[in-house]
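Working notes, structure below.
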Amino acid sequence: MKQNICIMGDSYSTYEGYIPTGYHTYYSDTRQEEPVVYGVEKTWWKLFAKENELNIVLNDSFSGSTVCNTVRETLTVESSFISRMDKYIAENFFTENTIDTMLIFGGTNDCWTDAPIGEPVYADWTQDDLLCVLPAFGYLIHKAKEVVRDVIVIINSDLKEEITNGIIAICETNRVKYVHLKELDRVNGHPTELGMKQIAEQVTACFRK
């Protein structure tokens with residue numbers, strides 16, 4: 001039987017028609033500007049699922065979204081990773097669906113928008129904590145571990161060093177697998193078809209450890 005996975009991501013993991021209705025997307029069949037990814041099967045998550053014979057139950061990816069509750073001016077706080085996680089838990093998604101592995105791929109927009117970074121927090125989060133990147137990551141991973149068996153965190157290659165090191169510390173403290181991406185082919189800050197393949201290969205190597 002195939003394992004079930006879900007993805008929580010940002011623009012890198014979007015494709016029109018394969019994310020929840022109303023979410024902002026970056027990649028689509030009609031995209032004209034570079035980078036163009038010709039078809040959903042060329043996305044990193046479709047490549048990863050095919051290579052490892054996995055069933056994608058949910059791709060909860062929202063273009064432009066931050067992990068923390070300091071969001072872009074054009075978005076509402078409901079778009080943040082932690083808000084979306086809380087919503088799915090409140091709606092009993094994880095009790096009604098068996099998810100073997102959750103892949104979390106975020107932090108890029110937190111970095112690009114200069115959200116406050118903060119320090120890792122592992123319990124008793126305040127609302128002010130959740131406005132900061134690292135406390136929010138700690139919260140997100142804590143919540144993910146409560147509802148799924150395995151978690152893999154994908155760390156982009158061009159994040160601020162303080163954010164990267166903080167995410168790694170949070171993953172290691174929580175005994176969660178992570179992959180720090182290297183050498184991605186990108187245009188305008190986003191992966192090309194080659195970049196998607198490079199992500200899929202690196203995530204597969206982490207998944208199979």
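Read-outs: derived from the displayed coordinates by stated rules, not from any lab. None of these values were measured; they are calculated from a predicted model. Cβ atoms come from the backbone with ideal geometry, glycine included; neighbour counts cover every protein chain shown.
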Among the residues of the range 100-118, how many are of a type in the set (A, V, I, L, M) and surrounded by fewer than 19 Cβ atoms within 10 Å (Cβ to Cβ)?
1
Only one of 144, 169 is buried (at least 16 other Cβ atoms within 10 Å of the Cβ), out of contact with any Phe, Trp or Tyr (no Cβ under 7 Å at 6 or more places or on another chain) and in contact (Cβ under 8 Å) with a residue 12 or more places away in the chain, namely 144
Counting only residues in the range 189-209 that are part of a helix (DSSP H, G or I) and among the small types (Gly, Ala, Ser), the one surrounded by the fewest Cβ atoms within 10 Å (Cβ to Cβ) is identified as 205
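Got a sec? Which of 194, 181 is touching a helix residue (DSSP H, G or I) at 6+ places or on another chain (Cβ under 6 Å) and either among the hydrophobic types (A, V, I, L, M, F, W, C) or within 22 Å of residue 11 (Cα to Cα) (or both)?
Values: 194 fails: touching a helix residue (DSSP H, G or I) at 6+ places or on another chain (Cβ under 6 Å).
Selected residue: 181, the only one of 194, 181 that is touching a helix residue (DSSP H, G or I) at 6+ places or on another chain (Cβ under 6 Å) and either among the hydrophobic types (A, V, I, L, M, F, W, C) or within 22 Å of residue 11 (Cα to Cα) (or both).
Listed residues 72, 84; which is touching a strand residue (DSSP E or B) at 6+ places or on another chain (Cβ under 9 Å) and of a type in the set (Lys, Arg)? Walk me through how you get there before you give the answer.
Working: 72 fails: touching a strand residue (DSSP E or B) at 6+ places or on another chain (Cβ under 9 Å).
Result of the check over 72, 84: 84.
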Answer residue from the range 20-51, given it is in contact with a Leu (Cβ under 9 Å, 6 or more places away or on another chain) and within 15 Å of residue 105 (Cα to Cα) and is surrounded by the fewest Cβ atoms within 10 Å (Cβ to Cβ) among those:
48
